[in-house]
Amino acid sequence: PHELVLSQLLQAEIALDGGDGKGAAVLFQPLVDAVKAEGLKTLDNDTIRIFLGGIRAYIAINELQKAGNVSSLLVESGPDTPAVNSVLLNFAKILSQERRKTAQAAEIEVDPTKHQALLDQVASMDDLLQKLLGNLGKRKELSTHADLAAKGALWIADALTQVGQEDAAAEQIKVCQQRAKEDPQWNAVVSKGVTYLRTKLGQAQAQKGKYP
């Protein structure tokens, strides 16, 4: 019954806001599973709360793969709104940071088995990031504030370069520049960051034998 769903959702949100990420995750997951089982026919406010809460709960306990599973569902069906996109963007940033840490750990790991396990984790995170960033790059409402939206869009281009998606990064930079022509607030941010991004992108392309 819908009343029971709302009751459990409220309990999960209270647990999460109270700092009990593990308890919140236990409450959110059945709600996510139920929505998935119904085929995501609708995406009302309660459903969005379930998805966003589930992602936040798993991030809180560093269960990034499970957060990724929930985010994939939201990416596929979530509306292009600041509320949804800010959570997805924040998750992408956390995932990017974890990827960097794991890659650094792989570089210094001397045990062959552990080294390969770390590389496999990096590959898994790369795959998830590529899908998430690709979707985020198509979304326009990254924030209610134009300057934050512009910074988010530039970050997406930078992150795409980091995971080896140079062509997608180049397209994202073009999108940023087009928005900058239309919006002075975007222009103020993009004009400062785009030179750095193009330099970084050019270096990545040169390493692969590509050129901008």
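The values are calculated or read from the model by the stated rules, or taken from the named source; none is laboratory data. Note that the structure is predicted; figures quoted are calculated from it, not measured. Here Cβ is always computed from backbone atoms with ideal geometry, including for glycine, and neighbour counts include all displayed protein chains. Heads up: the accessible areas ignore ligands, DNA and RNA and are worked out on the full protein's heavy atoms, side chains in. Shrake-Rupley method; radii C 1.70, N 1.55, O 1.52, S 1.80 Å.
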Residues that are surrounded by 12 or more Cβ atoms within 10 Å (Cβ to Cβ) and of a type in the set (Val, Ile, Thr), drawn from segment 166-196: ILE173, VAL175, VAL189, VAL190, VAL194
TRP155 vs. criteria in contact with a Lys or Arg (Cβ under 6 Å, 6 or more places away or on another chain) and modelled with pLDDT of 85 or more: no
The lone exception for VAL189 - which of (1) at pLDDT 90 or above; (2) closer than 21 Å to LEU129 by Cα it fails: (2)
Long-range neighbours under 6 Å by Cβ, at least six apart or interchain, first residue of a type in the set (Gly, Ala, Ser) and part of a helix (DSSP H, G or I) within segment 178-203, second surrounded by 11 or more Cβ atoms within 10 Å (Cβ to Cβ) and at pLDDT below 90: GLY202/PRO212
Matching option when the condition is open to solvent by less than 60 Å² (accessible area, probe 1.4 Å) and part of a helix (DSSP H, G or I), among LEU119, LEU52, LEU142: LEU52
Test: LYS114 is of a type outside the set (Phe, Trp, Tyr), touching a residue at least 24 places away in the same chain (Cβ under 8 Å) and open to solvent by 70 Å² or more (accessible area, probe 1.4 Å): no
Residues satisfying the stated conditions in segment 99-108, i.e. touching a Leu at 6+ places or on another chain (Cβ under 6 Å) and either modelled with pLDDT under 90 or open to solvent by 30 Å² or more (accessible area, probe 1.4 Å) (or both): THR102, ALA105
Leading residue by the ranking (most open to solvent (accessible area, probe 1.4 Å)) among those in segment 26-41 that are within 13 Å of PHE51 (Cβ to Cβ) and not in a loop (DSSP other than H, G, I, E, B): LYS36
In segment 122-139, residue nearest to the chain's Cα centre (by Cα) [restricted to those that are closer than 18 Å to ALA83 by Cβ and open to solvent by less than 60 Å² (accessible area, probe 1.4 Å)]: LEU132
Filter result (in contact with a helix residue (DSSP H, G or I) (Cβ under 6 Å, 6 or more places away or on another chain) and open to solvent by 20 Å² or more (accessible area, probe 1.4 Å)) within segment 76-93: VAL87
Tabulated pairs, segment 7-28, first over 14 Å from TYR58 (Cβ atoms), second buried (at least 19 other Cβ atoms within 10 Å of the Cβ), C-beta under 7 angstrom, 6+ apart or interchain: GLN8/LEU27; GLN8/LEU31; LEU9/LEU31; LEU9/ILE50; GLN11/LEU27; GLU13/GLY53
Qualifying residue in segment 152-165 (condition: polar (S, T, N, Q) and either open to solvent by less than 20 Å² (accessible area, probe 1.4 Å) or assigned to a helix (DSSP H, G or I) (or both)): yes
